[in-house]
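The values are calculated or read from the model by the stated rules, or taken from the named source; none is laboratory data. From a predicted model like this one, the values you see are computed outputs, not experimental measurements. Every residue, glycine as well, gets a Cβ built from its backbone with ideal geometry; the counts of neighbours run over all protein chains shown. Surface areas here come from the heavy atoms of the whole protein model, side chains and all, with no ligands, DNA or RNA. Shrake-Rupley method; radii C 1.70, N 1.55, O 1.52, S 1.80 Å.
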Amino acid sequence: MCRWIWFLAVLIGVTPLSAQRGTGGGQWSTYGGDVGSTKYSPLDQVNADNFSNLEIVWRWQTADNFLSKSVSGGEWWSNRKDIFADLQADDPDRWRARQEPLIRNLKATPLMVHGRLFLNTPIAIGAAIDARSGETLWLYNPKSYESGTTTMTVIWNQRGVAYWSDGAQERVYWGTGDGYLLSVDAETGRPSKDFRAGGRVDLMAGLPRANRGENDYLGALLYSMQSPPIVVRDVVITGASIADRRITKEAIPGWIRGWDARTGALRWVFRTVPRPGDEGVDTWQDGSWEYSGNVNVWSMMSGDDELGYVYLPTGTATNDFYGGHRLGDNLYSESLVCVNVETGEKVWHYQFVHHGLWDYDLPAAPNLIDITVGGKTIKAVAQVTKQGMVYVFDRVTGEPVWPIEERPVSQEGMPGDVLAPTQPFPTRPAPFEPLGVAIDDLVDFTPELRAMAVEAVKPFKIGPLYTPPSLAVPGGTQGTIMRPSAGGGANWSGAAVDPETGWLYVPSHTALSVINFYTPDPAEGGTLRYTHGGRGSQPQMPDGLPLFKPPYSRMTAIDLNSGEHVWMQAIGDGDEIRNHPKLRGLDLPPLGGDLYTGPLLTKTLLIQGQTTVGQDQAADGGISRLVARDKVTGRVVGEVPLPMQARGTPMTYELDGRQYIVLTLTGAVPELVALALPK
């Protein structure tokens, strides 16, 4: 059958409902295009035939580089330099970042509403930009960097903003590195006077153990907001980033809250770490709910305006890799929680990891998509995970679309811990990443390479997914190899879904982690029996050779109507590996390994930024380009060179009959760039 006839048959055979249709009117009004996080636009002016003709039509630089920035905590950090002398020598960027902001990490996906782009910069400066010309319309600087280094990163970090309008007024909302929710007038950038205290809400107020200005043991703030809020039915919903590189069992809980979009009044609180009287408190044994924290939504959220539901992808409880201080399943950690946006009451939930020990946070907004399974139309929600699996539910009831099996897992955990006996595995779709480590997973391009790889993993514990972290023993095992790594698999760039076909597209990364444990010093405030960090062994192949079989980054297309994988393609050809002296002349498949952005879907194309590392280029040591794939086959149909590394997920919009594609680039002076076809 002709490929295009087959694709037409797919379109005719799937009859989605109208609730999740991607963007409309040529605009892009939320982070994921629509509140269902489809990342889909029906625009088709840019197509396979002309994609490579795209050119940069304007470039916008952040104001961050041109500000004088002072950071609280720099003196504190310098006074402790004797304690952290090893870190100063090993990681000078981290040392320097404690005293001055590093602002290269421009990765927000902008919104476009009525000819204006809205985004925030790494140090939380809000900006409006003319969508035709790239001219700055307004800036609002909350000076949050003056409070200290933002949580969990040495490089300042913001992923975007939210927009709301009731037809009479328009507002833009975003969070700050020091834990405030801001509201400004979309036309002027001035703080909304009638939104709480002069346009801001203190997100730390009312949270247990949240003390403004308190730092973690490495000098970073404990609490910040780095991902955009979501607005559903006049309610602004906020998550937070909370430090999880901890030496204490006590931490701030990541409660989710809904705020009135007009007044900033608190509408509701959903306690992700429950308290007495809440459902799930019995899953925190020995009263560990009282001091445990995190279980936050640090990434993006999704919603359904029609149903009035919000979907919350939560993270791991404190401590990420040691659970001896929080025995039990620990609801609602590593769960997808559906709540009523009007009341905050839970509608349903599903926990993906019981008593999590692998930092397998739910890393991205779930994708809402209407699918047809066995002749039945289902309002579905699909959640991609760091583990490399997709879980698909009826988003109204929470019932799995396909069975999810509780399977026995290893019980050989850390001293003092009690592991969950089973973990949930979806029967469909199949994983999009390899799960765990076995000898057969190791590189086998040649017998010599296989022998090297076997030798590299000998000092480590290996096993299937959910093999527990373990202590390094002198002269014995050097810890457990986790695969996927604590970074995933999938991460915050997430997936995209096509409302025309019900297909999901997820980029992912194949990597490993080995968690090294130590007992923190009580004199430094440590209250944990074990925490992670410090130095330790990692499996190493000689001369930078790969340890595992390829591909090392990939894009997978999955038909959510059937649960079947449609295609998988490597992201990048892997030239740096392919040209290794020990590999030259071998007939190798595409190896992947490119850095990548999140996906953007249009009527006919799958678009993302890619950077091939290890090649010579003036900016950032890699060759970056915007790449388009055929949605049906995954075949690359066009590329456009970019001046710096692509960082943020691209978006698209149409103005005056012209389609633009916009994304952020990282470099010494980060930029937002717009591409369009020549006039």
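Of the residues making up the range 366-374, one or more are under 20 Å from PHE432 (Cα atoms), over 20 Å from the mean Cα position of the chain (by Cα) and assigned to a strand (DSSP E or B). Does VAL390 satisfy being within 26 Å of the chain's Cα centre (by Cα), crowded, with 19+ Cβ neighbours inside 10 Å and of a type in the set (A, V, I, L, M)? It is true that VAL390 is within 26 Å of the chain's Cα centre (by Cα), crowded, with 19+ Cβ neighbours inside 10 Å and of a type in the set (A, V, I, L, M). Taken over the range 234-279, residues that are part of a loop (DSSP other than H, G, I, E, B) and either surrounded by fewer than 18 Cβ atoms within 10 Å (Cβ to Cβ) or not basic (Lys, Arg) (or both) amount to 26. Counting the residues of the range 411-434 that are at negative phi, in contact with a Gly (Cβ under 6 Å, 6 or more places away or on another chain) and open to solvent by less than 80 Å² (accessible area, probe 1.4 Å) gives 6. Name the single residue, out of those in the range 513-531 being open to solvent by less than 40 Å² (accessible area, probe 1.4 Å) and not in a strand (DSSP E or B), that is farthest from GLU433 (Cα to Cα). Top of the filtered list is GLY525.
Okay, residues lined up against (1) of a type in the set (Lys, Arg); (2) open to solvent by 10 Å² or more (accessible area, probe 1.4 Å); (3) closer than 10 Å to GLY609 by Cβ; (4) not in a strand (DSSP E or B):
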| site | (1), (2), (3), (4) |
| --- | --- |
| ILE623 | no, yes, no, no |
| LEU626 | no, no, yes, no |
| THR649 | no, no, yes, yes |
| THR652 | no, no, no, no |
| LEU663 | no, no, yes, no |
| VAL669 | no, yes, no, yes |
| ALA674 | no, no, no, no |
| PRO678 | no, yes, no, yes |
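Just to be sure, is ASP370 open to solvent by less than 10 Å² (accessible area, probe 1.4 Å), of a type in the set (D, E, K, R) and in contact (Cβ under 8 Å) with a residue 40 or more places away in the chain? So ASP370 passes the test.
Does any residue of the range 504-525 turn out to be in contact with a helix residue (DSSP H, G or I) (Cβ under 9 Å, 6 or more places away or on another chain) and not acidic (Asp, Glu)? Scanning the range 504-525, I find no residue that is in contact with a helix residue (DSSP H, G or I) (Cβ under 9 Å, 6 or more places away or on another chain) and not acidic (Asp, Glu), so the answer is no. Picking from residues in the range 552-594 that are open to solvent by less than 70 Å² (accessible area, probe 1.4 Å) and of a type in the set (Lys, Arg), the one that is modelled with the highest pLDDT is ARG554.
Is it fair to say GLU405 is more than 23 Å from the chain's Cα centre (by Cα), under 25 Å from ASN330 (Cα atoms) and either aromatic (Phe, Trp, Tyr) or part of a strand (DSSP E or B) (or both)? Yes; evaluated as a whole, the condition is true for this residue.
Only a single item in (1) modelled with pLDDT of 95 or more; (2) open to solvent by 40 Å² or more (accessible area, probe 1.4 Å) is not met by VAL637, and it is number (2). Residues in the range 274-302 that are aliphatic (A, V, I, L, M) and in contact with a Leu (Cβ under 9 Å, 6 or more places away or on another chain): VAL281, VAL295, VAL297, MET301. Against the list (1) more than 21 Å from the chain's Cα centre (by Cα); (2) of a type in the set (Asp, Glu); (3) part of a loop (DSSP other than H, G, I, E, B), the condition ASP282 fails is (3). Taking the criterion of being buried (at least 24 other Cβ atoms within 10 Å of the Cβ) and either hydroxyl-bearing (Ser, Thr, Tyr) or assigned to a loop (DSSP other than H, G, I, E, B) (or both), the residues of the range 310-320 that qualify are TYR311, THR314, GLY315, THR316, THR318, ASN319.
Determine whether the range 287-294 contains at least one residue that is touching a Ser or Thr at 6+ places or on another chain (Cβ under 9 Å), touching a residue at least 24 places away in the same chain (Cβ under 8 Å), under 20 Å from ARG209 (Cβ atoms) and open to solvent by 20 Å² or more (accessible area, probe 1.4 Å). Yes, the range 287-294 has at least one match.
Only one of GLY592, GLY585, GLY572 is touching a residue at least 40 places away in the same chain (Cβ under 8 Å), in a loop (DSSP other than H, G, I, E, B), of a type in the set (Gly, Ala, Ser) and farther than 30 Å from VAL401 by Cβ. Can you tell me which? Reasoning before the result, please.
Details: GLY592 fails: farther than 30 Å from VAL401 by Cβ; GLY585 fails: touching a residue at least 40 places away in the same chain (Cβ under 8 Å).
Residue meeting the stated conditions: GLY572.
For the range 458-510, a residue qualifies if it is open to solvent by 10 Å² or more (accessible area, probe 1.4 Å), in contact with a strand residue (DSSP E or B) (Cβ under 9 Å, 6 or more places away or on another chain) and farther than 23 Å from GLY324 by Cα, and the qualifying residues are ASN491, SER493, GLU500, HIS509, THR510. Whenever a residue of the range 634-651 is farther than 13 Å from LEU106 by Cβ, its partners that are open to solvent by 40 Å² or more (accessible area, probe 1.4 Å) and among the acidic types (Asp, Glu), lying with C-beta atoms within less than 9 angstrom and at least six residues away or across chains, give the pairs VAL637/ASP49; GLY638/ASP49; VAL640/GLU55.
Restricting ARG275, ARG326 to those that are closer than 27 Å to LEU465 by Cβ, modelled with pLDDT of 95 or more and touching a helix residue (DSSP H, G or I) at 6+ places or on another chain (Cβ under 8 Å) reduces the list to ARG326.
Collect the residues in the range 205-215 that are touching a residue at least 40 places away in the same chain (Cβ under 8 Å) and among the hydrophobic types (A, V, I, L, M, F, W, C), keeping them in residue-number order. Once the filter is applied, which keeps residues that are touching a residue at least 40 places away in the same chain (Cβ under 8 Å) and among the hydrophobic types (A, V, I, L, M, F, W, C), the range 205-215 yields LEU207, ALA210.
Only one of these is within 30 Å of GLU524 (Cβ to Cβ), modelled with pLDDT of 95 or more and not basic (Lys, Arg): PRO253, PRO229. Name it. Step through it out loud before you land on a result.
Working: PRO229 fails: within 30 Å of GLU524 (Cβ to Cβ).
Of the residues listed, the single one that is within 30 Å of GLU524 (Cβ to Cβ), modelled with pLDDT of 95 or more and not basic (Lys, Arg) is PRO253.
Can you spot a residue in the range 414-428 that is part of a loop (DSSP other than H, G, I, E, B), touching a residue at least 24 places away in the same chain (Cβ under 8 Å) and among the charged types (D, E, K, R)? Within the range 414-428 (the criterion being part of a loop (DSSP other than H, G, I, E, B), touching a residue at least 24 places away in the same chain (Cβ under 8 Å) and among the charged types (D, E, K, R)), the answer is yes, since at least one residue qualifies. All of (1) assigned to a loop (DSSP other than H, G, I, E, B); (2) closer than 18 Å to TRP268 by Cα; (3) in contact with a Gly (Cβ under 8 Å, 6 or more places away or on another chain) hold for THR343 with one exception: (3). Residue pairs whose Cβ atoms lie under 6 Å apart, separated by 6 or more positions or on different chains, with the first residue in the range 317-333 and farther than 14 Å from GLY416 by Cα and the second modelled with pLDDT under 95, are THR318/ARG246; ASP320/ASP244. Within the range 532-545, is there a residue that is of a type in the set (A, V, I, L, M, F, W, C), more than 22 Å from the chain's Cα centre (by Cα) and buried (at least 21 other Cβ atoms within 10 Å of the Cβ)? There is no residue in the range 532-545 that is of a type in the set (A, V, I, L, M, F, W, C), more than 22 Å from the chain's Cα centre (by Cα) and buried (at least 21 other Cβ atoms within 10 Å of the Cβ). For the range 122-134, filtered to residues that are in contact (Cβ under 8 Å) with a residue 60 or more places away in the chain and part of a loop (DSSP other than H, G, I, E, B), the residue that is most open to solvent (accessible area, probe 1.4 Å) is ARG132.
Could you tell me whether TYR140 is among the aromatic types (Phe, Trp, Tyr), at pLDDT below 95 and farther than 30 Å from ARG395 by Cα? Talk me through it step by step, then tell me what you get.
Details: among the aromatic types (Phe, Trp, Tyr): yes; at pLDDT below 95: no; farther than 30 Å from ARG395 by Cα: yes.
No: the conditions fail for TYR140.
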